[in-house]
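Student: This is the structure I have questions about; it appears just below.
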Amino acid sequence: MFKSKISGIGMYVPEKIYDNEYMTTIVDTDDEWITRRTGIKQRHVSAPDEYTTDMAAKAAENAIRNAGMTAADIDLILASTVTPDYYTPSCACVVQGAIGAVNAAALDVNAACSSFISDLIIADQFIKSGMYKNILIICADALTKATDYKDRATCVLFGDAAGAVIVSASNDCGGLIASEMGADGTGAMSITQLAYREDKEETEKRVSGRKETVWMAGQSVMKFAVKAMADSSDRVLQKAGLTYDDIALIIPHQANYRIVDSALNRMEIDRNKVFLHLENYGNTSSSCIPVALAELSELGRIKRGDKLLLTAFGGGLTWAACILEY
Ligand code: UT7
């Protein structure tokens with residue numbers, strides 16, 4: 001049976017930056033509050049005419065180049081975003097057309113910030129079954145376009161980015177050693193972006209009144225996140241018959257430094273094994289883990305054979321974790 005090998009990684013972030021100083025000109029906040037409560041120092045912001053699929057296509061092309069492939073080698077595209085250009089066509093289809101992946105089937109998967117790991121788990125099933133050989137996973141979000149810049153509790157958190165990996169069928173790697181994904185729909189309304197359904201109460205929660213912006217119950221999401229990331233990490237380690245000592249690096253979803261820190265306290269792990277970049281990007285939803293992988297690969301901080309623990313939580317509420325032999 002084939003295993004899933006990461007054969008290419010790519011990323012893209014827009015040039016423009018809103019640092020904490022700039023945020024103080026938009027809402028009543030300061031660098032000290034944002035840094036202490038979140039760990040974020042700056043976030044990248046897409047241009048007014050730059051959308052999710054534009055960023056997604058750039059990250060995808062970088063991943064294909066990194067793999068030494070052409071777009072025609074891709075046989076499936078799984079894309080994830082919570083800020084789609086359109087409901088239809090999917091982000092995956094727009095990117096398929098843009099990059100010329102003429103042999104690829106294309107569809108979107110939405111597990112919010114947990115999507116990258118969920119995509120990996122789905123891709124792994126297709127690799128194991130032999131149905132597809134080279135699957136392009138893209139996570140991209142133009143979250144600053146869905147940010148309520150009148151709400152100081154959320155607007156300091158989000159940034160824009162895209163990350164992509166190619167998962168290829170292989171016989172010479174450990175692949176996805178263990179994984180799990182889960183959901184708790186009783187917490188569905190803890191993080192919301194509204195679509196067609198008329199919901200006066202939800203709309204009124206938005207300080208700006210703009211339906212399409214992100215609203216969340218920060219405190220309760222934090223509590224869920226700490227437990228979900230720590231417990232799912234423990235479970236995938238147990239499934240794999242490994243301990244934290246066997247893990248080369250943990251890459252958690254980068255929403256808030258305090259969430260990661262509290263989860264790490266429960267996991268009792270050496271903090272040098274944790275990769276964080278949220279200081280530079282803020283919360284970029286499901287893009288953050290593939291962007292982290294691209295940075296780590298570029299820095300030479302991950303090598304073939306390393307066991308990586310990925311763990312995330314997100315709207316839905318959802319969570320996902322896996323151990324991947326790089
Ligand atoms: O990936 C998507 C999942 N979402 C998340 O990961 C978000 C999870 N939640 C969080 O990260 C945190 O809950 C926040 C960063 C959103 C907020 O931090 P908190 O420690 O939970 O703060 P809080 O909401 O309890 O607010 C504490 C105080 C309040 O003032 P009072 O009522 O104590 O006077 C807020 O009004 O901080 C105030 N506050 C701010 N002050 C300065 C809220 N936002 C700001 C701000 N600047 N930007």
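Read-outs: derived from the displayed coordinates by stated rules, not from any lab. Fair warning: this is a prediction, and the values are worked out from it, not measured in the lab. Positions of Cβ are backbone-derived with ideal geometry, glycine not excepted, and every protein chain shown enters the neighbour counts.
Student: Only one residue in G130, G175, G100 is more than 16 Å from the ligand (Cβ to nearest atom), at positive phi and surrounded by 17 or more Cβ atoms within 10 Å (Cβ to Cβ). Which one?
Tutor: Values: G130 fails: surrounded by 17 or more Cβ atoms within 10 Å (Cβ to Cβ); G100 fails: surrounded by 17 or more Cβ atoms within 10 Å (Cβ to Cβ).
None of the other options fit; the residue is G175.
Student: Hey, another quick one. Could you say which residue among D141, D119, D160, D124 is more than 20 Å from T318 (Cβ to Cβ), in contact with a strand residue (DSSP E or B) (Cβ under 9 Å, 6 or more places away or on another chain) and acidic (D, E)?
Tutor: Working: D141 fails: more than 20 Å from T318 (Cβ to Cβ); D119 fails: more than 20 Å from T318 (Cβ to Cβ); D124 fails: more than 20 Å from T318 (Cβ to Cβ).
Just a single option satisfies the conditions, and that option is D160.
Student: Restricting to region 1-32, name every residue that is outside any loop (DSSP other than H, G, I, E, B), of a type in the set (F, W, Y), more than 21 Å from the chain's Cα centre (by Cα) and surrounded by 15 or more Cβ atoms within 10 Å (Cβ to Cβ). Even if it seems obvious, please write down each step before you answer.
Tutor: Residues of region 1-32 that are outside any loop (DSSP other than H, G, I, E, B), as a first pass: 3-12, 17-23, 31-32.
Those still in the list that are of a type in the set (F, W, Y) too: 12, 18, 22.
Within this subset, residues satisfying the condition of being more than 21 Å from the chain's Cα centre (by Cα) are 22.
Across region 1-32, there are no qualifying residues.
Student: Looking at (1) touching a residue at least 24 places away in the same chain (Cβ under 8 Å); (2) crowded, with 19+ Cβ neighbours inside 10 Å; (3) hydroxyl-bearing (S, T, Y), which one does Y149 not meet, given that it meets all the others?
Tutor: The one condition Y149 does not meet is (2).
Student: For residues in region 202-228 being farther than 18 Å from T186 by Cα and assigned to a helix (DSSP H, G or I), which is nearest to the ligand (Cβ to nearest atom)?
Tutor: Looking only at region 202-228, we keep the residues that are farther than 18 Å from T186 by Cα, and these are 203-214.
With assigned to a helix (DSSP H, G or I) added as a condition, the list becomes 203-205.
On the way: T203: 20, E204: 18, K205: 13 Å.
Only one residue tops the list, namely K205.
Student: With respect to S233, is the statement that it is surrounded by fewer than 17 Cβ atoms within 10 Å (Cβ to Cβ), polar (S, T, N, Q) and touching a Phe, Trp or Tyr at 6+ places or on another chain (Cβ under 9 Å) true? Write out each step before concluding.
Tutor: Details: surrounded by fewer than 17 Cβ atoms within 10 Å (Cβ to Cβ): no; polar (S, T, N, Q): yes; touching a Phe, Trp or Tyr at 6+ places or on another chain (Cβ under 9 Å): yes.
Considered against the rule, which asks whether it is surrounded by fewer than 17 Cβ atoms within 10 Å (Cβ to Cβ), polar (S, T, N, Q) and touching a Phe, Trp or Tyr at 6+ places or on another chain (Cβ under 9 Å), S233 comes out as no.
Student: Still on this model: Could you say whether any residue in region 148-159 is within 26 Å of T35 (Cα to Cα) and assigned to a strand (DSSP E or B)?
Tutor: Start the filter on region 148-159 by keeping residues that are within 26 Å of T35 (Cα to Cα), which leaves 148-159.
Pick out the ones that are also assigned to a strand (DSSP E or B) and you get 158.
Within region 148-159, one or more residues are within 26 Å of T35 (Cα to Cα) and assigned to a strand (DSSP E or B).
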